[in-house]
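K.L.:
Please read through the structure below; I'll follow up with questions.
The numbers here are math on the coordinates, done by the rules we state, and not lab data. Note that the coordinates shown come from a computational prediction; the quantities given were computed from them, not determined experimentally. Counting neighbours? That spans all protein chains shown, and the Cβs are built from the backbone with ideal geometry, glycine included.
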């Protein structure tokens with residue numbers, strides 16, 4: 001049976017069935033109130049069951065305290081309105097059950113649990129809901145069936161509940177539950193940036209996401225922007241045609257996982273021969289400021305491909321790729337496609353990791369060779385493995401097409417953990433005497449990365465003697481192995497390394513080189529913020545710029561390489577407003 005016939009049949013069956021069930025049950029209910037004691041005991045049993053679930057499945061004590069307090073506060077609020085204890089317990093328990101079901105299903109299909117903003121993301125936009133209906137129709141029907149059953153359960157509980165709680169007492173419970181929630185939230189600290197992806201903390205994650213959701217709704221958009229009418233009225237036009245005077249060079253963009261130039265850390269004893277890998281064709285080290293430390297590579301990816309700071313998304317920044325699917329125009333890959341490029345991504349994970357594939361496809365990266373497609377045995381193959389796959393595909397392409405190619409390669413060899421030896425059969429330089437064991441292992445991996453990068457550059461020159469190629473590489477974030485060099489202890493987790501935006505821990509690099517190609521002058525700024533790297537790539541390849549990317553070039557000059565932290569921040573926010581008003585960003 002097709003999804004269409006399934007949805008139609010289910011919808012036609014569901015409504016009369018629920019009405020009949022409600023009628024048959026309520027018809028048998030006694031007209032007199034049920035015993036208040038029985039209702040109270042039923043309410044208590046429901047609350048014990050919910051708290052038992054939290055104890056088993058909602059993590060550590062602090063997290064359990066937070067989610068229990070939040071649930072009790074919600075129940076107390078319903079009781080203040082209804083004065084019915086059992087009714088409140090049934091309503092809250094039904095909501096919790098629906099959250100658990102929806103979160104588990106979403107995690108299975110999208111590798112991310114339910115976020116409060118989902119309610120507004122999917123249900124307040126007809127186009128988004130239509131996409132969800134077409135893509136996940138069975139789940140939509142099941143969700144609405146669950147909500148209908150919730151309404152039925154609430155109706156029945158209202159009818160039989162004989163308790164009548166004084167509102168003053170319910171308010172006392174509400175205050176105590178709010179305090180408990182606050183204590184739990186304070187004790188558990190900031191939400192882990194991978195909590196919505198790798199942990200099954202379904203209910204607490206949903207409750208914790210309301211703060212950033214309310215912030216985004218209050219702001220009026222996911223992206224911080226100037227108020228309407230506060231900036232220039234001229235709209236920005238997307239690139240609809242690109243006519244380079246000559247065939248553009250191929251572009252190879254390399255996401256160097258966790259790589260940072262060791263030279264940024266004075267006094268660190270390491271093999272200085274690796275320094276050349278981090279320099280551009282001009283012989284200089286170009287520093288880049290990123291917006292994450294020790295993980296969350298997708299934040300750096302997003303900024304490069306979209307030309308936007310994730311900081312401008314506030315508390316929603318961890319979910320930019322999920323919530324910005326089909327909402328961005330004039331991205332780096334889209335503009336390259338307008339200039340005739342074939343866009344290909346060599347991705348070391350499975351396509352559905354943090355729902356990345358849908359985001360990539362929506363911004364112009366239609367061909368994704370993931371872990372399975374590349375025949376990888378693990379997600380942490382040596383860099384040469386990914387380079388080999390990319391070189392083979394480039395050879396096939398060049399042999400059959402005159403089209404320029406944008407090849408985006410993501411590596412993984414320098415990824416943590418650093419308490420195990422990567423490629424133990426390889427003898428390469430690590431750290432000198434006194435270097436922390438984790439840093440020693442990390443420096444070994446830097447040496448391996450340099451060897452493999454040298455291999456890539458040599459093979460590009462050998463295999464494509466008649467092709468012009470721009471090679472751009474960047475470090476997506478620093479490794480956790482640097483935390484001891486930043487003043488933190490060994491036990492500090494990456495997410496607990498609190499730093500200002502100007503801290504050394506957010507510094508990596510970008511490097512631009514050429515094969516049969518002379519790279520034009522690179523930005524002269526001491527540090528370039530990550531949202532400008534897409535601009536640097538287009539300028540290095542000598543490509544025409546769209547209106548929006550020309551504005552970014554002006555901002556980079558005005559802000560001396562800064563973006564979100566620019567002293568002329570109103571100019572950045574005015575640019576965001578023009579992007580929104582021009583339809584290049586749908587920020588809701």
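K.L.:
How far is helix 137-160 tilted off the main Cα axis of the chain, in degrees rounded to 10, range 0 to 90?
P.N.:
30 degrees
K.L.:
I would also like to ask the following. Just the Cα atoms of segment 384-531, one point each, no solvent: what log10 I(q)/I(0) does Debye give at q = 0.11, 0.15, 0.16 Å⁻¹?
P.N.:
Per q value, in the given order, log10 I(q)/I(0) is -0.56, -0.95, -1.04.
K.L.:
On to the next question. Enter the per residue convex hull volume of segment 333-400, computed from alpha-carbon coordinates, in Å³ rounded to the nearest integer.
P.N.:
Per-residue hull volume (Cα only) is 87 Å³.
K.L.:
Another question, then. Compute the relative contact order of the chain as a whole-number percentage, counting only Cα pairs closer than 8 Å that sit 6 or more residues apart in sequence.
P.N.:
With pairs under 8 Å counted, the relative contact order is 19 percent.
K.L.:
How long is the gain from residue 502 to residue 525 if the chain were fully straight, where each residue apart is worth 0.36 nm and the alpha carbon distance is subtracted? Before the final figure, lay out each step's value.
P.N.:
Working: separation 23, 0.36 × 23 = 8.28 nm, distance 1.48 nm.
Length difference between fully extended and current span is 6.8 nm.
K.L.:
Can you work out D for segment 252-543 in µm² s⁻¹ from Stokes-Einstein, where Rh is the Kirkwood radius over C-alpha pairs, the temperature is 4 °C and the viscosity is 1.567 mPa s?
P.N.:
67 µm²/s
K.L.:
Dimensions of segment 522-588 along principal axes (Cα, Å, largest first)?
P.N.:
Largest to smallest, the principal-axis extents are 34, 28, 16 Å.
K.L.:
Please state, to two decimals, what the Cα-based radius of gyration of segment 480-526 comes to when divided by 2.2 N^0.38 Å (N = residues).
P.N.:
Expressed relative to 2.2 N^0.38 Å, the Cα Rg reads 1.72.
K.L.:
Please work out how much length the chain gains when fully extended from residue 151 to residue 227, using 0.36 nm per residue of separation minus the C-alpha to C-alpha distance, in nm with one decimal.
P.N.:
23.3 nm
K.L.:
Now for a different question. Determine, from the Cβ-Cβ distance of residue 436 and residue 215 and an R0 of 30 Å, the FRET efficiency 1/(1 + (r/R0)^6), rounded to the nearest 0.05.
P.N.:
0.20
K.L.:
Can you quote the Å³ per residue value for the convex hull of the Cα atoms in segment 341-443, rounded to an integer?
P.N.:
Residue-normalised Cα hull volume stands at 131 Å³.
K.L.:
Continuing with the same structure: Express in nm, to one decimal, how much length is gained between residue 486 and residue 461 on full extension, taking 0.36 nm for each residue of separation and deducting their alpha carbon distance.
P.N.:
5.1 nm
K.L.:
Find how many whole Å separate the alpha carbon centroid of segment 83-105 from the alpha carbon centroid of segment 313-356.
P.N.:
Going from one Cα centre to the other spans 36 Å.
K.L.:
Show log10 I(q)/I(0) for segment 502-561 at q = 0.24, 0.25, 0.29 Å⁻¹, two decimals, from a solvent-free Debye sum over equal Cα scatterers.
P.N.:
Summing over Cα pairs of segment 502-561 leads to -1.09, -1.15, -1.36.
K.L.:
Working from the alpha-carbon coordinates of segment 244-395, get Rg over Rh, Rh being the Kirkwood radius.
P.N.:
That ratio equals 0.97.
K.L.:
I'd like the orientation of helix 85-110 relative to the chain: the angle between its Cα long axis and the longest Cα principal axis, in ° from 0 to 90, rounded to 10.
P.N.:
Taking the Cα atoms of the chain, the angle to 85-110 is about 30 degrees.
K.L.:
So, R0 is 35 Å and r is the distance between the beta-carbons of residue 243 and residue 285; what FRET efficiency does that work out to, to 0.05?
P.N.:
Step by step, r from the Cβ atoms, then E = 0.50.
K.L.:
Points 7 angstrom from Cα along the Cβ direction at residue 186 and residue 51: gap in nanometres?
P.N.:
Placing both labels 7 Å along Cα→Cβ, they lie 2.2 nm apart.
K.L.:
Using the alpha-carbon atoms, what tilt in degrees (0 to 90, nearest 10) does helix 383-400 show relative to the longest principal axis of the chain?
P.N.:
The answer is roughly 70 degrees.
K.L.:
Per-residue ellipticity at 222 nm for the chain, helices alone: DSSP H runs ≥ 4 residues times -39500 (n - 2.57), over residue total, nearest 500 deg cm²/dmol?
P.N.:
My calculation for the chain gives -15500 deg cm²/dmol from helical runs alone.
K.L.:
While we're looking at this one, here's another question. Taking all pairs of different Cα atoms in the chain, averaging 1/r and flipping that mean, what Kirkwood radius in angstroms comes out? Write out the running numbers ahead of the final one.
P.N.:
Working: mean 1/r = 0.0374 Å⁻¹.
26.7 Å is the Kirkwood radius here.
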